[in-house]
1. Filter the stretch 145-166 down to the residues that are more than 14 Å from Gly120 (Cβ to Cβ) and either crowded, with 16+ Cβ neighbours inside 10 Å or not polar (S, T, N, Q) (or both) and list them by number.
2. Quick test for you: out of Ile102, Ile134, pick the one residue that is of a type in the set (Val, Ile, Thr), at pLDDT below 90 and within 18 Å of Glu65 (Cα to Cα).
3. Give the residues of the stretch 93-107 that are surrounded by 12 or more Cβ atoms within 10 Å (Cβ to Cβ) and in contact (Cβ under 8 Å) with a residue 40 or more places away in the chain, sorted by residue number.
4. Whether any residue in the stretch 77-92 is under 16 Å from Ala45 (Cβ atoms), more than 15 Å from the chain's Cα centre (by Cα) and surrounded by 19 or more Cβ atoms within 10 Å (Cβ to Cβ) is what I want to check.
5. In the stretch 167-182, which residues are surrounded by fewer than 17 Cβ atoms within 10 Å (Cβ to Cβ) and without any contact (Cβ under 8 Å) to a residue 24 or more places away in the chain?
6. Mind listing whichever residues of the stretch 51-67 are in a helix (DSSP H, G or I), in contact (Cβ under 8 Å) with a residue 12 or more places away in the chain and either acidic (Asp, Glu) or surrounded by fewer than 16 Cβ atoms within 10 Å (Cβ to Cβ) (or both)?
7. Only one of these is under 22 Å from Asn178 (Cα atoms) and among the β-branched types (Val, Ile, Thr): Thr74, Thr84, Thr144, Thr90. Name it.
Amino acid sequence: MTRIILSAAVSSFLTMGAFAQSTAPSSTPASEVGQRVENQQDRIAQGVKSGQLTAGETGNLEKKESAINQEVHTDRSLNDGHLTGQEKQTVNQQQNKMSNQIYQDKHNAAVQHNGTSEVGKRAGNQQDRIANGISSGKLNAAQTARLEKGESGVNKEVHADRQANGGHLTGQEKQQVNQQQNKMSARIYKAKH
């Protein structure tokens, strides 16, 4: 009787051990890819918030990040959800380049100066909303790239208008920028929700 109970206990233990091994989370390279993407998104969000990254730089980084993400998605869909060794190596090299580009852009002379004017404060607020969307995961790289492209366009127009008018915006230009910022605000909200 003792042998039967012991045998049943050993069998049960081995079965539970095999089950635990099959369901335990593993540290696979695929999860490392995801973690690295998340870390880089956090670095970009921090750069947007601090002003170290301009809207143009952020848009460019997010466009590249989106391309890498799409490539990983495509590769996984072709390989039953996995990446081959060569694909992992390629993604790692691409992410190394992205990491270096983030560092370079955050440490160059270009910074986002939104100023203290109503237009500048609003631009800064919208950049903060985008940065919060990146860090919370509500905005993916492709959405962020599109939003930053729009922000960059508004910023360039404001810069050109100010240069043409001795550093100031006319009443009509302020009204036009306000309308553009309203549209960007709605786009940010829609993308985050």
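1. Selection gives Ala145, Arg146, Leu147, Glu148, Lys149, Gly150, Ser152, Gly153, Lys156, Ala160, Ala164, Gly166.
2. Working: Ile102 fails: at pLDDT below 90.
Residue meeting the stated conditions: Ile134.
3. Matches in the stretch 93-107: Gln95, Met98, Ser99, Gln101, Ile102, Asp105, Lys106.
4. We begin by selecting, within the stretch 77-92, every residue under 16 Å from Ala45 (Cβ atoms); these are none.
The answer is no, given that none of the residues of the stretch 77-92 is under 16 Å from Ala45 (Cβ atoms), more than 15 Å from the chain's Cα centre (by Cα) and surrounded by 19 or more Cβ atoms within 10 Å (Cβ to Cβ).
5. Gly167, His168, Thr170, Gly171, Gln172, Gln175, Gln176, Gln179, Asn182
6. Glu57, Glu62, Glu65
7. None of the other options fit; the residue is Thr144.
Each row is one residue, and each column tells you yes or no for (1) within 12 Å of the chain's Cα centre (by Cα); (2) within 16 Å of Lys174 (Cα to Cα); (3) charged (D, E, K, R).
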position: Ala109; (1), (2), (3): no, no, no
position: Asn114; (1), (2), (3): no, yes, no
position: Glu118; (1), (2), (3): no, yes, yes
position: Arg122; (1), (2), (3): no, yes, yes
position: Ile130; (1), (2), (3): yes, no, no
position: Gly133; (1), (2), (3): yes, no, no
position: Ser136; (1), (2), (3): yes, no, no
position: Leu139; (1), (2), (3): yes, no, no
position: Gln143; (1), (2), (3): yes, no, no
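The values are calculated or read from the model by the stated rules, or taken from the named source; none is laboratory data. As the structure is a computational prediction, the values presented were derived from the model and not from experiment. All Cβ positions, even for glycine, are placed from backbone atoms using ideal geometry, and neighbour counts span all protein chains on display.
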